[in-house]
Ligand SMILES: [Ca+2]
Ligand SMILES: [Ca+2]
Ligand SMILES: [Ca+2]
């Protein structure tokens, strides 16, 4: 009958509409409240950072954060070895990329670690932030009993030049524009491969022949050693700031160097 048919039709349409609404609700409704979703996103972020920090701690033998901001000691925060350094001749503290940095006047100020422990031998990565307008000066000088330029990263009028094995390699890369730049130099005895990264990206790749690095030497920043732990020449003095200096006993892969540049919040 007609009237009954219309009622059945209305009931059927109501059921279809109801099912459709339930399906739409299931598809678009979040699995938790928006607060829960935000919390889980934060947890994922913290998890990724923990993995990144754990990776970047692997093989780290020296790490000067320079966040002291006072006194004449820069403490090493990598592992249990000593590797604390001393600020000399008016080396001061300045604002850094993360917290404080050390500042060199270009007129004989330097920082020294006399007697390194756990210095890398057959593979090394040296990373730091630098801010300078200086066209010539020493960024990182490591001298051993065998070679005063055992591992030297130098602004050499003007590209960054890397010394090892009794010779040097000019990278053609410059940083002295008065802005902060992240610099990473790596070397491996395997194939004598030397690389320079600038601001998280590979900028130079070449070779620098040499035997494995000899340990227990001296590190200076801001001045170049022409004798073990000394022999400073005025022409090698660096004017500018350095922050977050790291030495690893392995060659960091590109993705970790990019991560370092992006500067994760590691303890
Ligand atoms: Ca710092
Ligand atoms: Ca200079
Ligand atoms: Ca030298």
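The figures follow:
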read-out: For the range 61-262: relative contact order, % (alpha-carbon pairs under 8 angstrom, 6 or more apart); value: 29 percent
read-out: Distance in nm between pseudo-label sites at residue 211 and residue 80 (7 Å out along the Cβ direction from Cα); value: 3.1 nm
read-out: Share antiparallel - DSSP beta bridges, the range 82-235, percent rounded to 5; value: 100 percent
read-out: Value of relative contact order over the range 212-255, rounded to a whole percent, pairs C-alpha under 8 Å and six or more apart; value: 24 percent
read-out: Mean-position separation - Cα centroids, the range 110-127 and the range 146-194, in angstrom; value: 14 Å
read-out: Packing-based exposure ordering (other Cβ within 10 Å, fewest first) of 259, 62; value: 259, 62
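A short reminder: the numbers here are calculations on the coordinates, not readings from a lab. The shown structure was predicted, so the numbers you read here are calculated from the model rather than taken from an experiment. With ideal geometry, Cβ positions are generated from the backbone for all residues, glycine too; neighbour counts draw on all protein chains shown.
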